[in-house]
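First up is the structure itself, then whatever we jot down about it.
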């Protein structure tokens, strides 16, 4: 057994799960003992969901980078920590050993310190998928600065909103980034985001694409120059280990912004100790990681999946993590399979959206690719449909690789419900069983637990969790009340996930999708209010309503019903203008897939838009729209149905 807390049989899963529920403090103390602590905890767990207040390993002192890097150096120093695969397959692969990772992270820590960054400061990171992004994240963690990574597809306005909310004083970015055939001008977007900003003191710029950029004197500095200076400084002072800042278990590690049901993004806060224990524990057990395995998570580090299963989880476990700069279809639709073949990947963790996209190219791109190294497959971000599951199983796993269908969220820090590869049973399109420490419950609209099966023999309800696990969010940055209202106020004493689920007679769970006003687009959550606010910024738009609808590739698409002021001009041009407005305000990821112009929206007499009706229309269920008598103008529904796209 490679790790003392690794589950190696179905029987052990049941024993561990039972103990984690009945004796959670003893269970997690045993697991936490396998990590490096400066000082052990006074109490394993104190919690109250109604406030909410959650504290894991209270009183403990640590630095997460010592667990991700330093403790591995003696035995694994020359082992690859990161294998970086560039966007262009002709460019050289970079292999970063644990020794090199340690050196670079210490240099970044020194560089940040030299530029005035200190414990508790917020550092916004807006970079492409390059090793320097990992160095930046861990460099922040080493000095106790709170990192907030922003996905490279977000617009200047979205970045400005996040900078303001976090009150960030420092930014690390690149001149540009490569993504498929595109060059993304990251520094130029940052410059736009900083117009009117009064808090940012320094912008550190890494040269990736050699794109000409504007450098503001006194504010903007080059990464390469600062790192070279830091390297000489460390050598001269003999401080090769750059003493890591001692952190409290509950000190914030990072803020990661996620969309909510209101227009304003919310900054989910994860803390040092619980997040570290949870990501490592789930990484080892879900993927059944063994030393020497090559783990390839295809996510972007701008999302929680990349944080937990490219950076923190694998590195804390001493694993080798493949980091990919590009996209699955560039330069050909066989790129993932080339990477698996080239690096002899053992674990492949990707999104159903990517699988469905690659399915559309058929099996030709897989021919002549050696996928025999694969042992375990995984999916993340959204429920996987059965057709995609079987295609993945037959063509990529060759029917010999367990598929872990992982369900979790930004707020949960790591996987909550998933089969353990080859240990617990899998069931196509079902997330299956909860991990040890996770207590799911299905409730009705009033919060009562549902125990009765429906006519299909399943229990159906809203998915909540009864008790905390170490990786649960602690708050939303600068607005704890928002955290309480969003996650803990809907059903007293429960964490509400916002998802609906089914449960079968064997205790397996199947996630059915969002039950709130949040869309899941290609595995990324986007609030309907956020998209509506962006659409309404267009000068010709009077009002809009946004819903999700089934999409063959993305899983869920964005359908916008728009009241437009006037009918002059080309309708397609108007749609393009609205899409461009959304791209500018949020980013291309939030562009509507369909825009239908309407003269009115179905509203109750109190003015509330009945999205339930619009959702059914968007899904094509126009014959059973339910009761429309409570609407202010029921006739508007007929008009929308008749002009449906």
Please pick out the residue among 358, 348, 377, 371 that is over 20 Å from the mean Cα position of the chain (by Cα) and buried (at least 22 other Cβ atoms within 10 Å of the Cβ). 358
Can you tell me which residue among 160, 188 is surrounded by fewer than 20 Cβ atoms within 10 Å (Cβ to Cβ), free of Cβ contacts under 8 Å to residues at least 60 places away in the same chain, in the same structural domain as residue 217 (by TED's automatic domain parsing) and touching a helix residue (DSSP H, G or I) at 6+ places or on another chain (Cβ under 7 Å)? 160
Among 46, 26, 55, the single one that is over 19 Å from residue 313 (Cα atoms) and either exposed (fewer than 12 other Cβ atoms within 10 Å of the Cβ) or not assigned by TED's automatic domain parsing to the domain that holds residue 276 (or both) is 26
Tell me whether the range 19-29 contains one or more residues that are closer than 30 Å to residue 340 by Cβ, touching a helix residue (DSSP H, G or I) at 6+ places or on another chain (Cβ under 7 Å) and at pLDDT 95 or above. no
Reported set for the range 479-502 where residues are within 16 Å of residue 165 (Cβ to Cβ) and buried (at least 20 other Cβ atoms within 10 Å of the Cβ) is 483, 486
If residue 371 passes every condition in (1) free of Cβ contacts under 8 Å to residues at least 40 places away in the same chain; (2) in a helix (DSSP H, G or I) but one, which one does it miss? (2)
Just to be sure before I move on: is residue 529 on the phi < 0 side of the Ramachandran plot, buried (at least 19 other Cβ atoms within 10 Å of the Cβ), outside the structural domain of residue 151 (by TED's automatic domain parsing) and out of contact with any strand residue (DSSP E or B) (no Cβ under 7 Å at 6 or more places or on another chain) in the structure I sent? no
Which of the helices (runs of 4 or more DSSP H) contained wholly in the range 1-117 include at least 2 residues that are under 15 Å from residue 277 (Cβ atoms)? 10-22, 24-32, 64-68
So which residues in the range 541-562 are closer than 21 Å to residue 603 by Cβ and either over 21 Å from the mean Cα position of the chain (by Cα) or free of Cβ contacts under 8 Å to residues at least 12 places away in the same chain (or both)? 541, 542, 543, 544, 545, 546, 547, 549, 559, 560, 561, 562
So which residues in the range 203-213 are in contact with a helix residue (DSSP H, G or I) (Cβ under 6 Å, 6 or more places away or on another chain) and farther than 22 Å from residue 122 by Cα? 213
Within the range 246-344, considering only helices (runs of 4 or more DSSP H) that don't extend past its boundaries, which have at least 1 residues that are closer than 18 Å to residue 408 by Cβ? 272-286, 313-316
Candidates 511, 535, filtered to the one that is in a strand (DSSP E or B), at pLDDT below 95 and either more than 30 Å from residue 561 (Cβ to Cβ) or in contact with a strand residue (DSSP E or B) (Cβ under 8 Å, 6 or more places away or on another chain) (or both): 511
Could you grab me the full set of residues in the range 609-637 that are part of a helix (DSSP H, G or I) and either over 23 Å from residue 592 (Cβ atoms) or in contact (Cβ under 8 Å) with a residue 12 or more places away in the chain (or both)? 611, 612, 613, 614, 615, 617, 618, 635, 636, 637
Anything in the range 420-432 that is buried (at least 24 other Cβ atoms within 10 Å of the Cβ) and either within 16 Å of the chain's Cα centre (by Cα) or part of a loop (DSSP other than H, G, I, E, B) (or both)? List them, or say none. 420, 431
Kindly provide the set of residues from the range 46-61 that are within 25 Å of the chain's Cα centre (by Cα) and under 30 Å from residue 99 (Cα atoms), ordered by number. 57
Answer with yes or no whether residue 200 is in a loop (DSSP other than H, G, I, E, B), touching a helix residue (DSSP H, G or I) at 6+ places or on another chain (Cβ under 6 Å) and touching a residue at least 24 places away in the same chain (Cβ under 8 Å). no
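The values are calculated or read from the model by the stated rules, or taken from the named source; none is laboratory data. None of the values given here were measured: they were computed from a predicted structure. As a convention, Cβ positions derive from the backbone with ideal geometry for all residues, glycine included, and neighbour counts pool all protein chains shown.
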